[in-house]
Amino acid sequence: MLCFRPRKDGVNAPMASPPTAQVPAIHHRRVGDIALTVVSDGFLEGSMAVLQNISVEDSSEMLRAVFRPVPRRTSLNCFIIHGPDGRVALIDTGAGTHMQKTSGQLPRNLAAAGIALGDVDTILLTHMHPDHSNGLATADWNAAFPKAELAMHAAEYAYWTSADAEAEVARSGQGVPTGGAYFPMAKRQMAPYADRMRFFAHGQEVFPGVTAMHFPGHTPGHCGFLIASGGQSLLIWGDIVHLPEVQVPRPEVTILFDVDPPQAAATRRRVFDMVATEKTHIAGMHLHFPATAHLARDGGTYRLYPEAWTQVL
């Protein structure tokens with residue numbers, strides 16, 4: 001609706017209406033010759049009780065102490081890699097149409113960045129949990145990315161297609177609190193890409209300038225991706241943390257979605273030590289948008305330093 005405000009000369013002048021929605025959540029940066037676009041898929045809200053090795057009272061207080069909402073609000077991020085050869089890779093596909101209404105924003109934000117779903121050549125998955133892979137398929141279970149090859153760690157595919165693993169989760173509930181429902185969902189998401197799938201291993205180049213880093217524990221084939229070009233690098237570390245305000249200072253805190261919680265905690269400590277020692281630039285699926293930061297030691301624990309937004313690419 002067009003509003004008017006009176007001017008001193010008595011003539012009514014148009015007045016801008018207040019905004020009713022946030023601007024598209026996209027952020028560009030460079031890693032040498034590679035352009036990286038961070039794309040928000042929105043967020044999920046959920047119970048504090050999924051955090052393990054910490055009480056709900058303590059984790060809630062840690063969030064309140066840094067002015068974050070309780071219950072938790074988990075950011076969801078995906079990453080577009082513009083290769084120097086003109087190819088386009090997407091790391092993770094977000095929550096799609098099957099989770100909360102606050103998520104599934106990837107297609108809208110990609111469009112705002114001028115990227116069509118058909119522009120994506122390669123999809124690199126950190127792992128097959130639904131907030132990372134449900135965006136693979138449309139609501140009617142067709143491929144959301146009509147031209148893309150789907151690539152993941154071989155151990156990840158083996159896990160989600162294993163009848164033994166599905167039966168064990170249904171028995172124990174560990175790693176998949178929904179009693180195993182993630183398994184059929186994962187298989188349905190992968191199905192449209194059955195004739196264009198590729199599996200990789202740790203240390204393998206999976207896209208020009210991008211190397212897979214195996215970080216097991218959260219899932220058996222959970223991976224990060226190291227982008228390196230022109231003497232610069234950035235590590236997209238996947239789900240090394242889900243709630244940075246809690247798990248960065250308390251890396252022993254695991255989450256109910258971890259398939260192997262002790263291994264997930266050990267991997268987190270190993271990655272923290274690596275990036276703090278090497279001063280590696282990092283990005284994460286659940287760091288707050290625009291999701292890039294550094295991690296440094298802080299006494300006997302760690303502190304996260306989010307990267308300041310810059311206008312210069």
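The values are calculated or read from the model by the stated rules, or taken from the named source; none is laboratory data. Since this is a predicted model, take the numbers as computed values, not measurements. Cβ atoms come from the backbone with ideal geometry, glycine included; neighbour counts cover every protein chain shown. Accessible surface is based on the protein model in full, side chains and every heavy atom, while ligands, DNA and RNA are left aside. Shrake-Rupley method; radii C 1.70, N 1.55, O 1.52, S 1.80 Å.
Listed values, structure above:
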item	result
Tally, over the stretch 282-313, of residues that are free of Cβ contacts under 8 Å to residues at least 60 places away in the same chain and within 17 Å of residue 223 (Cα to Cα)	1
Residue under evaluation residue 55, criteria (1) closer than 23 Å to residue 242 by Cα; (2) open to solvent by 60 Å² or more (accessible area, probe 1.4 Å), criterion not met	(2)
Subset of the stretch 84-97 that is farther than 10 Å from residue 131 by Cβ and open to solvent by 10 Å² or more (accessible area, probe 1.4 Å) - its residue that is modelled with the highest pLDDT	88
Flag for residue 225 being in a strand (DSSP E or B) and either open to solvent by less than 40 Å² (accessible area, probe 1.4 Å) or closer than 22 Å to residue 242 by Cβ (or both)	yes
Total residues in the stretch 58-75, condition in a loop (DSSP other than H, G, I, E, B) and open to solvent by less than 60 Å² (accessible area, probe 1.4 Å)	2
In the stretch 104-122, the residues that are open to solvent by less than 10 Å² (accessible area, probe 1.4 Å) and in contact (Cβ under 8 Å) with a residue 60 or more places away in the chain	106, 109, 110, 122
Per-region count, the stretch 136-192, residues surrounded by fewer than 19 Cβ atoms within 10 Å (Cβ to Cβ), acidic (Asp, Glu) and farther than 18 Å from residue 91 by Cα	3
Only one of 239, 195 that is in contact with a strand residue (DSSP E or B) (Cβ under 9 Å, 6 or more places away or on another chain), under 30 Å from residue 145 (Cα atoms) and either assigned to a loop (DSSP other than H, G, I, E, B) or open to solvent by 50 Å² or more (accessible area, probe 1.4 Å) (or both)	239
